[in-house]
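The structure under discussion appears below in the form of structure tokens.
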Amino acid sequence: MAAVVMDGKALAAKIKEEVRQKVERMERKPGMAVVLVGEDPAALAYEAGKRKDCQECGVYYDTFRLPEAATQEELLDVIGVLNDREDIDGILLLLPLPRHLDEGEAVRAIRPDKDVDCVSPVNLGQLLLGGEGFRPCTPAGVMRLLEEYGVDPEGKNCVVVGRSHVVGKPQALLLLGKNGTVTICHSRTPDLAAECRRADILVSAAGRPGLITGDMVKEGAVVIDVAMNRDAQGKLCGDVDYAAAERAAYITPVPGGTGPVTRAVLMEQVLAAALRRGKQ
Ligand code: NAP
């Protein structure tokens with residue numbers, strides 16, 4: 001039996017509409033600023049997407065573009081100004097930064113209560129401790145997709161492929177927080193296939209097209225493909241071979257799976273930031 005395709009676009013539309021309705025009723029609208037260093041085409045496209053999301057949700061939006069050769073001081077100045085600006089509730093610093101800049105210092109400079117992408121050590125620490133606060137948008141979006149389709153991680157073997165700070169590690173913590181039994185795999189995992197075959201919930205975020213083949217998927221598993229790769233023809237694809245859909249109970253498409261939900265969760269977190277900062 002073919003898997004149920006988890007419709008990220010539909011869930012994202014629902015989340016954004018809820019945000020839009022709440023924002024519409026607010027006197028002081030939430031605001032988000034994106035900080036972009038350089039002219040990377042992928043980052044520019046990403047930035048345009050954020051602008052569109054904010055427009056759709058009625059959220060005030062501003063972009064700060066710095067040249068590729070910007071100094072650390074210039075970057076910290078921009079972050080400092082945004083930290084102090086009353087109209088801005090969320091700051092999104094597009095990563096990676098050019099190599100000459102100190103990413104750790106820049107991330108630490110963002111006020112934790114405006115760190116809507118959850119990149120600062122304070123917010124990541126809150127995640128580790130299970131406290132209140134922002135969550136990294138992609139793994140939080142995966143949890144929303146699971147919830148939407150009635151998949152409860154409790155008592156399930158959850159395997160996460162990838163251990164980055166933005167996806168793999170926070171994903172594992174969120175699944176653990178829902179009482180899943182979690183395994184994290186990475187490039188040094190000796191037998192990835194064996195680990196994946198034990199997964200009731202498999203989340204792949206390696207960024208390697210075709211890494212997860214059909215035979216690595218347990219019958220009836222939930223397969224979440226976070227990756228966004230380009231195949232040999234330049235077409236967007238994930239890590240998971242489509243043959244996996246034959247065995248899975250649920251699967252996310254790429255595109256149209258986790259990507260749109262990530263963006264919608266960011267809008268939700270900007271709204272939450274504004275409410276927490278007293279906007280009504
Ligand atoms: P990353 O920092 O490059 O991390 C990739 C992880 O995958 C690393 O931990 C790496 O292991 C592991 N890995 C690589 N090759 C592997 C292999 N052959 N077997 C097992 N593990 C392997 O990437 P990221 O930022 O986490 O992003 C991962 C993917 O998700 C990318 O395709 C990215 O475009 C996508 N993404 C999607 C969204 C969304 O909204 N859907 C958001 C963010 C990222 P090591 O640690 O051992 O090197």
Check your understanding: Among the residues of segment 193-209, is there at least one that is in contact with a Phe, Trp or Tyr (Cβ under 8 Å, 6 or more places away or on another chain), at pLDDT 95 or above and closer than 19 Å to Gly8 by Cα?
Key -> no
Check your understanding: So which helices (runs of 4 or more DSSP H) stay within segment 62-137 end to end and still have 3 or more residues that are over 21 Å from the mean Cα position of the chain (by Cα)?
Key -> 72-84
Exercise for review: State the number of residues belonging to segment 212-227 that are surrounded by fewer than 19 Cβ atoms within 10 Å (Cβ to Cβ) and either polar (S, T, N, Q) or within 15 Å of the ligand (Cβ to nearest atom) (or both).
Suggested key: 1
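Let's see how each residue does on (1) closer than 17 Å to Val217 by Cα; (2) surrounded by fewer than 16 Cβ atoms within 10 Å (Cβ to Cβ); (3) more than 16 Å from the ligand (Cβ to nearest atom):
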residue: Glu147; (1), (2), (3): no, yes, yes
residue: Gly155; (1), (2), (3): no, yes, yes
residue: Val161; (1), (2), (3): yes, no, no
residue: Leu175; (1), (2), (3): no, no, no
residue: Asn179; (1), (2), (3): no, yes, yes
residue: Arg188; (1), (2), (3): no, yes, no
Exercise for review: Could you please let me know if Ala33 is aliphatic (A, V, I, L, M) and free of Cβ contacts under 8 Å to residues at least 40 places away in the same chain?
Suggested key: no
Review point. Only one of Gly141, Gly168 is within 16 Å of the ligand (Cβ to nearest atom), within 29 Å of Gly38 (Cβ to Cβ) and either out of contact with any helix residue (DSSP H, G or I) (no Cβ under 8 Å at 6 or more places or on another chain) or modelled with pLDDT under 95 (or both); which?
Key: Gly168
Exercise for review: State whether one or more residues within segment 36-43 are without any contact (Cβ under 8 Å) to a residue 60 or more places away in the chain and in a strand (DSSP E or B).
Suggested key: yes
Practice item. Determine which single condition Arg230 fails, assuming it passes every other condition in (1) more than 10 Å from the ligand (Cβ to nearest atom); (2) modelled with pLDDT under 95; (3) farther than 30 Å from Gly133 by Cβ. Key: (1)
Review point. Quick one: in segment 239-271, which of the residues that are more than 16 Å from the chain's Cα centre (by Cα) and in a helix (DSSP H, G or I) is modelled with the lowest pLDDT?
Key: Tyr242
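The values are calculated or read from the model by the stated rules, or taken from the named source; none is laboratory data. Since this is a predicted model, take the numbers as computed values, not measurements. Because the Cβ atoms are built from the backbone with ideal geometry, glycine has one as well, and the counts that use them run over all protein chains shown.
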